[in-house]
Amino acid sequence: MAVDPLAEIKVTFFQECEEQLAELESGLLAMEGGDTDGETINAVFRAVHSIKGGAGAFGLEDLIRFAHVFETALDEMRSGRLAPDPETLKVMLRAADVLADLVRAGRDGSAVDEALAQSLGDALRGLCGGDGDEGGEDDSGDFDFQPVAATEPKAPGAWRIRFRPRGDLYARGNEAGLLLRELARLGPCEVELDVSELPPLADLDPEGAYLAWTVILTAEVEQAAIAQVFEFVDGDCELEIGPVDGEAAGEPEPAMDVSALLARIQSDSPAAAEAVCEPAAAPDAAPVETATRAEPPGSQGAANSNATGATIRVDLDRVDRLIDLVGELVINQAMLSQRVMEAGLARASSVAMGLDELEQLTREIQDSVMAIRAQPVKSVFQRMPRLAREVAALTGKPVRLVTEGETTEVDKTVIERLADPLTHMIRNAIDHGLESPEARAAAGKPAEGVVRLSAAHRSGRIVIEVSDDGGGIDRTRVRAIAIERGVIAPDAVLSDEETDNLIFMPGFSTASTVSDISGRGVGMDVVRRSIQTLGGRISISSRPGQGSTFTMSLPLTLAVLDGMVVTAEGQTLVAPLTAVVETLQPRPDDIQGLGAGGRVMAIRGVYTPVIDVGVALGYRDRPREQASVALLVEGEDGTQAALMVDQILGQRQVVIKSLEANYRQVPGVAAATILGDGRVALILDIDTIVAASRGAEPVRSERLQAAAG
Amino acid sequence: MTQPSATEGRPRELISFRIGAQEFCVDIMAVREIRGWTAATALPQSPAFVRGVINLRGAVLPIVDLAARLGFDATEATDRHVIIVAQILGQTVGLLVDAVSDILTITDEVVQPTPDVASDMAKTFVRGLLAVEGRMISLVGLDHILPQELQDAA
Amino acid sequence: MSMTILTVDDSRTMREMLRLALTGAGFRVVQAEDGLHGLEVLAEEARTPDVIVTDINMPRLDGFGFIEEVRGDGRYRGVPILVLTTESDAEKKTRARMAGATGWIVKPFNPDQLVGAIRRVAA
């Protein structure tokens, strides 16, 4: 299989570009946030510099041109000639967006907004004081060499070159012999060595230069070609290049061929290129300078991840397979435990103890494997600033996006599905949440709105919040629209919170004109559905005049759960342990009726709603008469309820199996799992069960009752 | 294997099974495996013909009582009943039937159009009729076996 | 025995391009990702490389610092060092020379130019 190595490198280049673009953006944002560390601006410069360098190798002209002007502006900034004030940084950020588009255009052939690129290019040039040096690249090295002889229009057939190196020439690693060899490549040479300045051996400085050469080169070449041979050493030697006027061979100097000359030089002259034995002090000993240049990596963890341990790249399929296998391992281990118990082996028997150890080990393996797929949410959060900028530009509302908790880790499967909901929510926050600059001014708020995006771990789940400091939910309007759409009855009494949550109803939009930012209007109901399919919940809280906060809570991973195994009407169910506060054994008369059909129980003096799980899921019509066990559960919003179950069988870690993969979402059920006996048990969705019991009819199904009986 | 006379057209294989006194068949390409009946875990808020879910090598498989789905009385499942595991529109579903009879190879011409009878079931699910050795076998299309909302969400 | 070239550049793309061009010309290539890493690699090599090719803009220790360190170390003082960069501004060139650079190549380079420059400074 013939693989074009250059094509492979091109792939690497585009991958690297994505990394550099991310560094570029985060560095600019840090600077916008007040970061003045020199290393930050250097990193930003290097990012664009790298992209430009690679682009040059692949001939991506548009990208090169833009990157060049961008790089020039950044160079001005890092040398202190251009101040990183907010206006300038905003231009830089938008330029970074255009740069990203150009990179992707180079990779995928996608379209670029030419006008935008042009205007930002001009803006960047303007920042550099107009001239921005749009010139193309110099090619191979043009040291400022001083033309020694008058330039002649026609290349004469022979040249005389007089060459006397100075000590620095050798100190920089150049070698006279090699230069002469290069010269010889241009044509036949006659070389004469001048040793007149060579002192006696005792007075010789091993680092000194005492030799000089005169070379007659017979070749029809331009003087520039000869000068180019010496381009590296210009300034470290005396060099004279002149045409030989008419004088051909016949000069009194002995003709020696170059190789013999080289041999002679290398054998008897103490050229510094050889004798490096005495560690004399380096000409410009600047070890101190070096130490100060290599600044300690910025403690703010600015952009660069300082090689925090080796990493390897792994095929995601392999990780997924590993996780599936570990899941099966957990199930099998549980089944084994169960069978051992049923076989009647004593708890203290070696088999039982061995099984305990196995369970411990399996759990550890599972934790480790889960951690492989865990990723910081940063990868999703990273796309948001650009989105915010675009929406801000489209709506004409200045916005600042603040992100927190980017290092919070979540399973990869969850992360990928976060992008869409987050995008919608941020669009919403800017488009609907924030008021216009005029309205904000009138309300005494700063013109720039703030949208805050944060992620954190809280009680075994990941909580993501999107909040804005806008006007909050207009409850009167929401209520009116809900009544108009028939979502609620005209005389329904709703708490503020319930009113706010109306916006999650399908087809609900308070915008009088559909803001068609992406070409499609999206409602919060779609967002809620996406979050729910991830096993998560979303709620909103709003303060009129101050802003709104959307809170999403998601499971850390989609794969395992610590659960309490219970029974209700013969059905085995699993309640997520994170939702269970405690278990109680109430007496039947502890439970009191409230209204028609409602039941409550006093728990340490507080009246708490009582829900019969069998009834809630439709397994039976009426709550059980006999004494039951109560699970005091707490939902995401903090409200508590007592779930009545028939029996508690124990606590287990269970592997979550999707119900939706082959069927669909079932109300009251979050997912399923497979118990030790191989049977499927449903995992309860505590929040929806509690919510359903608050107002709606309990779920009814004759079929279920028959099956459960 | 029965081979009704085939004139032209591509042959395809069908698997035939029995529900009560009637015989049906489905395209074998949709069938993943045949299993014996195991008790299913009931699902709340499901139509009557969805018996519940069972564990199929670690995956959760919904079981549709095909008799109930086709409009007959619900099946009283026993160990001798059979579950046909089928792939329907990207989901794997188990179909509860009485017993599997045969594998047929036919070509399209031998399939007769469904006669117009007063049965919703017939109209929705039966794609055609086959006459095989004097028996009538109804060809069932599986696309609508699952509850309707599922397809809207899909 | 073919020559060993040490290339120091923080860009993965550039490292791969250098490797491609140099191994194609028959050189043995050793690589580093920045100045500090370059010093580490130098120390690890049994035989001092015949030529060093280094970028200027790198994190941790840039090209200038790297060259000065190399020149300041008795073991490596005479090693030819070529600076590989897109910058064509004279001030940077002078600074590189002051630090002790042997020669200069401007990106984008073509492999022939690169090899030619190497030949000019190493046997």
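The values are calculated or read from the model by the stated rules, or taken from the named source; none is laboratory data. Keep in mind it's a predicted model, so treat the numbers as computed, not measured. Neighbour counts are summed over all protein chains in view; Cβ atoms, including those assigned to glycine, are modelled from backbone coordinates with ideal geometry. Each accessible area value is taken on the protein alone, full model and side chains, heavy atoms only, with ligands, DNA and RNA left out. Shrake-Rupley method; radii C 1.70, N 1.55, O 1.52, S 1.80 Å.
General observations
- Proximal charge balance of A:Glu240 [Cβ under 10 Å; K/R count +1, D/E count -1]: +2
- Taking amide hydrogens as placed 1.01 Å from N in the peptide plane, the amide H of A:Val450 sits under 5 Å from those of A:Arg400, A:Asp469, each at least 5 positions away in sequence or on another chain.
- Carbon plus sulfur fraction of accessible area for the stretch A:11-108, probe 1.4 Å, in percent: 50 percent
- Threshold 30 Å², the stretch A:46-87 residues less accessible with all protein chains present than alone (1.4 Å probe): A:Arg46, A:His49, A:Ser50, A:Gly53, A:Ala57, A:Arg78
- Exposure of A:Val402 as accessible area (Å², to 10), given a probe of 1.4 Å and all protein chains: 30 Å²
- Each Lys and Arg Cβ is given +1 and each Asp and Glu Cβ -1; about its Cα centre, the stretch C:25-123 then shows a dipole of about 420 debye.
- Accessible surface computed residue by residue for chain C, with neighbouring protein chains in place and a 1.4 Å probe, gives 34 Å² per residue.
- Of all stretches in chain B that contain no GluC sites (Glu not before Pro) in a DSSP loop with at most 14 other Cβ atoms within 10 Å, the longest one is B:9-75.
- Cα-based shape type of the stretch C:4-121, given that a ≥ b ≥ c are square roots of the gyration tensor eigenvalues and the cut on a/c is 1.5: rounded
- Treating r as the C-beta distance of A:Leu116 and A:Ala492 and R0 as 41 Å, the FRET efficiency rounds to 0.25.
- Compared with the direct C-alpha span, the chain from A:Asp4 to A:Asp590 gains 203.1 nm at full extension, assuming 0.36 nm per residue.
- Overall size of the stretch A:377-555 from C-alpha positions, given as principal axis extents largest first: 44, 35, 31 Å.
- Dipole of chain B, positive end: most advanced residue of B:Thr41, B:Phe72, B:Ala118 [Cβ charges, Cα centre]: B:Thr41
- 5 angstrom amide H check on A:Arg599, placed H, neighbours 5+ away: A:Leu594, A:Val610
- Phi to ³J(HN,Hα) by Karplus 6.51 cos²θ - 1.76 cosθ + 1.60 over the stretch A:670-683, Hz, x for Gly, Pro: 8, 5, 10, 8, 10, 7, x, 8, x, 8, 7, 10, 8, 9
- Listed residues B:Gly71, B:Gly36, B:Gly90, most fluctuating in chain B (Gaussian network, C-alpha, under 10 Å): B:Gly90
- Phi-based couplings in Hz for the stretch A:92-105 (Karplus 6.51, -1.76, 1.60; Gly and Pro marked x): 4, 5, 5, 5, 4, 4, 5, 4, 4, 4, 5, 4, 5, 4
- At an R0 of 41 angstrom, the distance between the Cβ atoms of C:Arg119 and A:Ala456 translates into a FRET efficiency of 0.10.
- Ligands, DNA and RNA left out, the accessible area of chain B computed with a 1.4 Å probe is 51% carbon and sulfur.
- The stretch between A:Gln640 and A:Ser350 holds 100.1 nm of extra length on full extension. This uses 0.36 nm per residue minus the Cα-Cα distance.
- Cross-link reach list, lysines versus A:Lys412, counting only Cα pairs under 21 Å and skipping chain neighbours closer than eight places: A:Lys378, A:Lys657
- Summarising the amide proton neighbourhood of B:His81: residues at separation of 5 or more, or on other chains, whose placed amide H is nearer than 5 Å comprise B:Trp37.
- Averaged over the residues of A:166-179, the number of partner chain Cβ atoms lying within 10 Å of the residue Cβ comes to 5.
- Per-residue ³J(HN,Hα) for the stretch C:12-28, Karplus 6.51 cos²θ - 1.76 cosθ + 1.60, θ = phi - 60°, Hz, x for Gly and Pro: 4, 4, 5, 4, 5, 5, 5, 4, 4, 5, 6, 5, x, 8, x, 8, 8
- Rounded percent of accessible protein surface that carbon and sulfur make up, the stretch A:377-555, 1.4 Å probe: 51 percent
- Distance between the modelled labels on A:Asp621 and B:Ala59, one decimal in nanometres: 4.0 nm (7 Å Cα→Cβ projection).
- Contact order normalised by residue count of the stretch B:30-154, Cα under 8 Å, 6+ apart, percent: 19 percent
- Note on A:Glu240 and A:Asp37: their simple-model spin labels are 5.7 nm apart, each label 7 Å out from Cα toward Cβ.
- Charge sum, other residues only, whose C-beta stays under 15 Å from A:Pro588's C-beta, Lys/Arg counted +1 and Asp/Glu -1: -1
- Nearest-20 debye value, the stretch A:4-116 charge dipole, Cβ charges on Lys, Arg, Asp, Glu: 240 debye
- Both chains summed, the buried accessible area for A and C stands near 4600 Å², from protein heavy atoms and a 1.4 Å probe.
- Point-to-point label distance, A:Leu649-B:Met121, nm (Cα→Cβ direction, 7 Å offset): 3.4 nm
- Given their separation in residues at 0.36 nm each and the Cα-Cα distance between them, A:Leu336 and A:Gln360 gain 7.3 nm when the chain is fully extended.
- Here r is the Cβ-Cβ distance between A:Glu660 and A:Glu61 and R0 is 51 Å; the resulting FRET efficiency, rounded to 0.05, is 0.55.
- Sorted on the mean count of surrounding Cβ atoms within 10 Å across their residues, most packed first, peptides A:639-650, A:621-632 read A:639-650, A:621-632.
- Overall form of the stretch A:1-56 per C-alpha gyration tensor (a/c, 1.5; a/b vs b/c): prolate
- What the stretch A:7-142 shows is 41 Å² of accessible area per residue, with the surface traced by a 1.4 Å probe over protein heavy atoms.
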